[in-house]
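Inspection log for the structure reproduced underneath, given as structure tokens.
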2 protein chains.
Amino acid sequence: MTDFRLTALAASLPSTVPFVGPEAQERQLGKPFLARLGANESNFGPSPRALEAMAATDVWNYGDPESFELRGALAAHLNVSPTNIIIGEGIDGLLGYLVRLFVETGDTVVTSDGAYPTFNYHVAGYGGVLHKVPYANDQENPSALFAKARETGAKLVYLANPDNPMGTWHSGETLVRALDDLPAGCILVLDEAYIECASDGTAPDIAPDDPRVIRMRTFSGAYGLAGARVGYAVGAPDLIDAFHKVRNHFGMNRAAQAGALAALADQEYLEQVRGHVVAARDRIAEIALENGLTPLPSATNFVAIDCGRDGAFAKAILDGLIARGVFVRMPFVAPQNRCIRISCGTEADLDILAAVLPDAVRDAQKG
Amino acid sequence: MTDFRLTALAASLPSTVPFVGPEAQERQLGKPFLARLGANESNFGPSPRALEAMAATDVWNYGDPESFELRGALAAHLNVSPTNIIIGEGIDGLLGYLVRLFVETGDTVVTSDGAYPTFNYHVAGYGGVLHKVPYANDQENPSALFAKARETGAKLVYLANPDNPMGTWHSGETLVRALDDLPAGCILVLDEAYIECASDGTAPDIAPDDPRVIRMRTFSGAYGLAGARVGYAVGAPDLIDAFHKVRNHFGMNRAAQAGALAALADQEYLEQVRGHVVAARDRIAEIALENGLTPLPSATNFVAIDCGRDGAFAKAILDGLIARGVFVRMPFVAPQNRCIRISCGTEADLDILAAVLPDAVRDAQKG
């Protein structure tokens, strides 16, 4: 093995992956999944207009490095200025840039124990020290997060609302009140990846120029464009401007820019998807109950199902589903890992889930 | 202005952009370009099979984070192992990861004065100290680069073959010989973005496991997929493996993965593009000569044209072309900036160039 002159930090990092992809699991299983319900993708697909726009793109051209049209359309949609918006390669990419801007070796960051692992991956990747607070009743706990941020002098505190992987949420008003306890100089990274699936009032009413908060949103969820990799962040112009220091300016896929623009314009389609999501959540809950399992309330495009015992039992059910061709995931950390997490799917997807879950539960009970 | 707690390095960086995109120029001009000949995109477009594959992609699914199929196909195509290959969001993205792995504040890196600015952007972005050596006869100078690397203890040395922005090249044999002078522990970052446009023998014969070299290639050039953002690096497995420490695992656009796979499979189409590129280079050279300008030899999909005076004169011609609706770029640094750089285009594109270049030259001469 050659002794490459990696930085000390890079040398210390594992060659890891926050998640194993379903394709890798399919290769291991030797067959494709029958239903893809594990990555919170939108099984209802994107707006047909988005597909048309992508197909009509001259993909031999680089994308506009300023994502000018998409930023403008988002600004109009959100009633903010384009200077409040940065477009990036999914929320994952934007989280990476944000962490790079703020975190160097020894800097402290706060998140919940069991929250989004890719954020943690970025923090570790820049040498940050991650402090975690427990979930409270399967919800992220803003008071505890902000208290821990104060205690540790954190530069960033991560909170997803609605939450992934539990699907729970706080009202926007609750979050606005909680912000009073955010220590000065600490930025709240508010991951709103699932906000389109939540009820009105879930997104907190925060001024776009408020320097305390940066919101992260995506076209990967309800807009159905996970494979296109388009996320955006909304924040104070000075903060947004800092992304230009480090981002991959020509990193945006041109077709993805066009697809996101068309998807945003088709709010009627999004409304249909919202309806499908609500129906699918109800169906998943029903299937869970029929199998003696307890669905958690959800404001997202997935449902966490409490399997009623420990993580090993939930994992056994999950393994049973995967072996039967249903791709699902589960929380990583106790006590949330007593649950499995099922993404909303089409009726056909959920028919498959309904068909195989009884056997998966039975096998797990035999254990 | 809020005093954000950026890292000291981030605070010191400008909010810059390595290149202004043609779309921004079009917005300034208030009209679209008539011919897009500035970004070395492939105006001949991608293989129709690539377009079909992208359109057939379930874009609601995340891409395979392992890019398993594409890596496998590239490995077979290049006669290397998949463990020699990492796929990334264009060469730009891969250069960013590479620099992040190796460069921290104060580390030295070597490149040519006037070579690819995005590499320099990444080096600055991680606090590296960049040493530059001059071009020699409009070619990058391997001996001077490697001598400077030795002198400065550089961790990385960048060399593009064929070169951008000059279009010149070294034979593969010349580079293999030059490698004897690469200091131990310094990695040659060999940017082969334009290799598909070069003659056989331009790519050096270097064992894929050779720890001294990492090669960067792309689907943005001859494959016609600039907007899709698919690049790859070939190197020793230990070095390739290090990318997994820091990369955005789910950063690849799923349609782009499928498009690149289909484009790679259509070598017949690539061969046609190569023919178009050679013809376009000849035509650009002819147009240059007709206007009293001197084309440089090129092994790329563009031609650098020596305008015969200083940078201001070349800039005046460039401005004249842009004002007349022809997007072109030029080298940033003297003496290369006596040239303008014209990407290969279709016959229709080059008809437009031929029509407007005389006026642009005449206006510049009036100066």
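The numbers here are math on the coordinates, done by the rules we state, and not lab data. No experiment lies behind these values; they were computed from the predicted model shown. Neighbour counts are summed over all protein chains in view; Cβ atoms, including those assigned to glycine, are modelled from backbone coordinates with ideal geometry.
The B:Thr174 and B:Lys315 beta-carbon pair, evaluated with R₀ = 45 Å, returns a calculated FRET efficiency of approximately 0.90.
Along the axis of the charge dipole computed for segment A:120-274 (Cβ charges of +1 for Lys and Arg, -1 for Asp and Glu, origin at the Cα centre), the listed residues A:Ala124, A:Ala222, A:Leu239 are led at the positive end by A:Ala124. Within the shell of other residues whose beta carbon sits under 14 angstrom from the beta carbon of B:Gly275, the net charge comes to -2, with Lys and Arg scored +1 and Asp and Glu -1.
For segment B:141-198, state the average projected area of the convex hull of the C-alpha atoms over all orientations, rounded to one decimal in nm².
Average of the hull's projected areas for segment B:141-198 equals 3.8 nm².
Ranked from shortest, the separations from the 7 Å Cα-to-Cβ label point of A:Ala265 to its equivalents in the other copies are 3.3 nm.
With each label modelled as a point 7 angstrom along the Cα→C-beta vector, the A:Ala323-B:Thr346 pair spans 5.7 nm. A simple spin-label model places the labels of B:Thr16 and B:Val278 4.0 nm from each other, with each point 7 Å out along Cα-to-Cβ. Its relative contact order, with pairs defined as Cα atoms under 8 Å and 6+ residues apart, puts segment B:1-123 at 18 percent.
What pairs in A:Lys155/B:Lys155; A:Lys132/A:Lys155; A:Lys31/A:Lys315; B:Lys31/B:Lys315; A:Lys148/A:Lys315; A:Lys148/B:Lys245 have C-alpha atoms more than 24 Å from each other?
Pairs exceeding the cut-off: A:Lys155/B:Lys155; A:Lys148/A:Lys315; A:Lys148/B:Lys245.
Rounded, prolate or oblate: which one fits segment A:18-101, using the alpha carbon gyration tensor with axes a ≥ b ≥ c (rounded when a/c is under 1.5, else prolate when a/b beats b/c, else oblate)? Note, shape of segment A:18-101 comes out prolate.
At full extension, A:Leu34 and A:Val129 could sit 30.2 nm farther apart than now, given 0.36 nm per residue minus the alpha carbon distance. Membrane-span-like helices of chain B, defined as complete DSSP H segments with a Cα extent of 30 Å or more along the helix axis and a mean Kyte hydropathy of at least -1.0, are identified as B:267-290. List the distances, in nm and shortest first, from the label point of A:Glu290 to the matching label points in every other copy, placing each point 7 Å from Cα along the Cα-to-Cβ direction. In ascending order, 7.4 nm. Partner shielding of B:95-101 amounts to 3, given as the average count of beta-carbon atoms from other chains within 10 Å of each residue beta-carbon. In percent, rounded to a whole number, the relative contact order of chain B is 23, using alpha-carbon pairs under 8 Å and six or more apart.
Volume per residue, Å³, of the convex hull around the alpha-carbon atoms of chain A? Each step should come with its number before you reach the end.
Working: hull volume 56.4 nm³, N = 367.
So the per-residue hull volume is 154 Å³.
The alpha-carbon positions of the protein assembly as shown define a convex hull whose volume is 147 Å³ per residue. For the pair segment A:31-65 and segment B:1-50, the centres of their Cα atoms are 23 angstrom apart. Take every pair of alpha-carbon atoms less than 8 Å apart whose residues are at least six positions apart; their mean separation over the length of segment B:151-300 yields a relative contact order of 25 percent. Here segment A:1-83 is treated with +1 on each Lys and Arg Cβ and -1 on each Asp and Glu Cβ, and its dipole about the Cα centre works out to around 320 debye. Viscosity 1.306 mPa s, temperature 10 °C: give me the Stokes-Einstein translational D for segment A:76-228 in µm²/s, with Rh taken as the Kirkwood radius over C-alpha pairs. Calculated translational D: 102 µm²/s.
Relative to the globular-protein estimate of 2.2 N^0.38 Å, the Cα radius of gyration of segment B:1-52 stands at 1.88.
What percent antiparallel are the DSSP beta bridges of the protein assembly as shown, to the nearest 5? Don't skip to the end; give the middle numbers.
Working: 34 of 70 bridges.
Antiparallel bridges: around 50 percent, rounded to the nearest 5.
Its Kirkwood hydrodynamic radius, worked out from the mean inverse distance over all distinct Cα pairs, puts segment B:100-184 at 12.9 Å. When B:Pro48 is represented by a point 7 angstrom out along its Cα-to-C-beta vector, the spacings to that point in the other copies are 2.5 nm, nearest first. With an a/c value of 1.5 or above and a/b larger than b/c for the gyration tensor axes a ≥ b ≥ c computed over the alpha-carbon atoms, segment A:53-163 is described as prolate.
The tail of the calculated P(r) for segment A:52-92, taken as Cα-Cα distances beyond 17 Å, holds 44 percent of the pairs. Comparing Cα centroids, segment A:72-130 and segment A:257-287 end up 25 angstrom apart.
Taking square-rooted eigenvalues a ≥ b ≥ c of the alpha carbon gyration tensor, is segment A:161-296 rounded, prolate or oblate, where a/c under 1.5 means rounded and, failing that, a/b exceeding b/c means prolate?
On the way: a/c = 2.25, a/b = 1.26, b/c = 1.79.
In terms of gyration-tensor shape, oblate.
Its Cα gyration tensor gives segment A:234-367 an equivalent ellipsoid; the semi-axes, largest first and in whole Å, are 36, 20, 14. The distance from the alpha carbon centre of segment A:163-199 to that of segment B:139-192 is 50 Å, rounded to a whole number. Given R0 = 45 Å, the distance between the Cβ atoms of A:Asn79 and B:Asp238 translates into a calculated FRET efficiency of 0.35.
With both labels modelled 7 Å from their Cα along Cα-to-Cβ, the B:Asp3 to A:Arg27 distance reads 5.1 nm.
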